[in-house]
Amino acid sequence: MNEAISHSGVWGFAAIMIVIASWFLYRYLAPKTWREWASAGLVQGFIIALYAEMYGFPLTIYLMVRFFGLDSANLNASLWSTLLGVGELGMMISMVLGYLLLFVGIGLFAQGWRELYRAQKEKRLATGGLYALVRHPQYTGLFVSLFGEGVVHWPTIFSVALFPVIVLAYWLLARGEEKRVLEEFGDEYRAYRRRVPMFIPRFGQWGQFVESSSTNANERGLPPR
């Protein structure tokens, strides 16, 4: 296929987005153990694949035209727009929904980070705020952000395939973290774990969960690590 696709070929901007997203990733996830580095590496691969296709080369579109018979007459850089035939309007809708999830996820991650930081500083178990609804709100925020940006906004073969792998990797990581917390807090954490789900709030609590992500919104930035 020789059709030019808009929104592609901007490799400089792709590189800038990859660098910025990667900086935030390693700055605030701050991996230390090999499991943490491996999980962060999966997210890094997700970021590179996503922005390389979003602004560089739309590999998913070309592969689907070549091997799956996708109609090359009405191509759009957005996979949803191309598959559903809804053009620029569809791309705008997926962009708005994707960015909404992205910023909600960032809010969850940031607020969870603050609450955990305070709890560790006070040498207590984090059980309030977001931690009253899920045991790992930072990871939930990460999942929501990645789903919004790499599945809803700009799905690619690699981002869609990597997303469940990332969820599995952080589930395994969370289980290891919980073993260490259990050694420190014992029965208190056992009781907490019995009543609070790991990543997904109980039915009817999502509104409260999202609202809690903006708690203390007047605070600027995150505490230093």
How many of the residues in the range 153-163 are in contact (Cβ under 8 Å) with a residue 60 or more places away in the chain and open to solvent by 30 Å² or more (accessible area, probe 1.4 Å)?
4
Go through Phe24, Phe68 for me and flag whichever is at pLDDT below 75 and either among the aromatic types (Phe, Trp, Tyr) or within 15 Å of the chain's Cα centre (by Cα) (or both).
Phe68
Tell me yes or no: at least one residue of the range 131-138 is of a type in the set (A, V, I, L, M), within 26 Å of Ile166 (Cα to Cα) and at pLDDT below 90.
no
For the range 184-225, which residues satisfy the criterion of being at pLDDT 90 or above, under 22 Å from the mean Cα position of the chain (by Cα) and among the aliphatic types (A, V, I, L, M)?
Val196, Met198, Ile200
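Select from the range 15-64 the residues that are of a type in the set (Val, Ile, Thr) and open to solvent by 50 Å² or more (accessible area, probe 1.4 Å) and list them in ascending order. Can you show your working first?
Kept after step one, since they are of a type in the set (Val, Ile, Thr), are these residues of the range 15-64: 16, 18-20, 33, 43, 47-48, 60-61.
Answer for the range 15-64, where residues must be of a type in the set (Val, Ile, Thr) and open to solvent by 50 Å² or more (accessible area, probe 1.4 Å): Ile16, Val19, Ile20, Thr33, Ile48.
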If I filter the range 27-42 down to residues being of a type outside the set (D, E, K, R) and outside any helix (DSSP H, G or I), which single residue comes out as modelled with the lowest pLDDT?
Ala30
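On the given criteria, is Glu149 assigned to a helix (DSSP H, G or I), charged (D, E, K, R) and free of Cβ contacts under 8 Å to residues at least 40 places away in the same chain? Step through it out loud before you land on a result.
Values: assigned to a helix (DSSP H, G or I): yes; charged (D, E, K, R): yes; free of Cβ contacts under 8 Å to residues at least 40 places away in the same chain: no.
The answer is no for Glu149.
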Residues that are in contact with a His (Cβ under 9 Å, 6 or more places away or on another chain), part of a helix (DSSP H, G or I) and either closer than 15 Å to Val210 by Cα or open to solvent by 50 Å² or more (accessible area, probe 1.4 Å) (or both): does the range 103-114 have at least one?
yes
Within the range 86-102, which residues are at pLDDT 90 or above, of a type outside the set (A, V, I, L, M, F, W, C) and surrounded by fewer than 16 Cβ atoms within 10 Å (Cβ to Cβ)?
Tyr99
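Condition (residue is more than 17 Å from Leu29 (Cβ to Cβ) and open to solvent by less than 10 Å² (accessible area, probe 1.4 Å)) applied to the range 164-172: is it met by at least one residue? Full working, then the answer.
Filtering the range 164-172 down to residues more than 17 Å from Leu29 (Cβ to Cβ) leaves 164.
Next cut, open to solvent by less than 10 Å² (accessible area, probe 1.4 Å) only: none.
No: the range 164-172 contains no residue that is more than 17 Å from Leu29 (Cβ to Cβ) and open to solvent by less than 10 Å² (accessible area, probe 1.4 Å).
The values are calculated or read from the model by the stated rules, or taken from the named source; none is laboratory data. Everything quoted here is computed from the prediction, not taken from an experiment. Glycine also receives a Cβ, built like all others from the backbone with ideal geometry; neighbour counts cover every protein chain displayed. Note: areas computed on protein heavy atoms with side chains; ligands, DNA, RNA excluded. Shrake-Rupley method; radii C 1.70, N 1.55, O 1.52, S 1.80 Å.
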